[in-house]
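Below is one structure; the comments refer to it alone.
Laboratory data are not the source of any read-out in this text; all were calculated from the coordinates shown. Everything quoted here is computed from the prediction, not taken from an experiment. Glycine gets a Cβ as well: all are built from the backbone with ideal geometry, and neighbour counts include every protein chain shown.
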Amino acid sequence: MAKAESIKVLLAQWKIGDQPAAERIYQLYSQRLWALARARIDARLAQRVGASDIVQSAFQSFFRLARDGEIHIDHSESVWRLLAAITVNKVRQQKERHNAARRRRGAEVRLADLRTDPSAFAHTPTPLEGVVLADELETLIARLEPPEPEILSLCLQGFTPSEIALKVHCSRWSVRRVLNRIGHQLEQRLEDNP
């Protein structure tokens, strides 16, 4: 495992824009975190969420904490303990989410049904649903390449494809293509993890 000083250096390099430093941190801990997440995900949850998703979400939270200056590294195992705690918490959150009454298979709404019955969106989301949606959006946005995150953000803010095209300096057809691809990715994710 890396020494605390080298992790501090890597985090400092990442904070000034050195993406390979973040990748190095990921390489140092991802395999152990994947094994930890995999060991805590039962068979039922594994049908809905994978260890890789949990690990990616854990690293997103870790780097958000690092960016905000909320991480204090005092010895070589502190980063591992923090990442492990975040990972275990992410697994617990997913178990709670997928075991909740509204997530039972009979109570779920298929994405295809939403196209024909938009009233399925008519309820006010609970705070937990809001957090889950925010986490899903963060996961989705993390996989996008510029200008895709900006296009998605503007779409979520209610801008039309024509308005988005003007803001990001591309054609509205490019905007539509990006939004359609993102929509298909999200739809596939939701169908793969019912």
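Considering amide H positions built from the backbone, and no H for Pro or chain starts, which residues 5 or more places from Ile71, or on another chain, come under 5 Å of its amide H? Amide H neighbours of Ile71: none. When each of the peptides 161-169, 83-91 is scored by the mean number of other C-beta atoms lying within 10 Å of its residues, the order from highest to lowest reads 83-91, 161-169. Cross-link pairs exceeding 32 Å in C-alpha to C-alpha distance, out of Lys8/Lys90; Lys90/Lys167; Lys15/Lys167, comprise Lys90/Lys167. The mean sequence distance of close C-alpha pairs (under 8 Å, at least 6 residues apart), as a share of the length of the stretch 4-99, puts its relative contact order at 36 percent.
Measuring spread by the Cα atoms of the stretch 4-99 yields a radius of gyration and Dmax of 13.8, 41 Å.
Computed 3J(HN,Hα) for the stretch 15-27, one whole-Hz value per residue from the Karplus formula 6.51 cos²θ - 1.76 cosθ + 1.60 where θ = phi - 60°, is 4, 9, x, 8, 4, x, 5, 5, 5, 5, 4, 4, 4, glycine and proline marked x.
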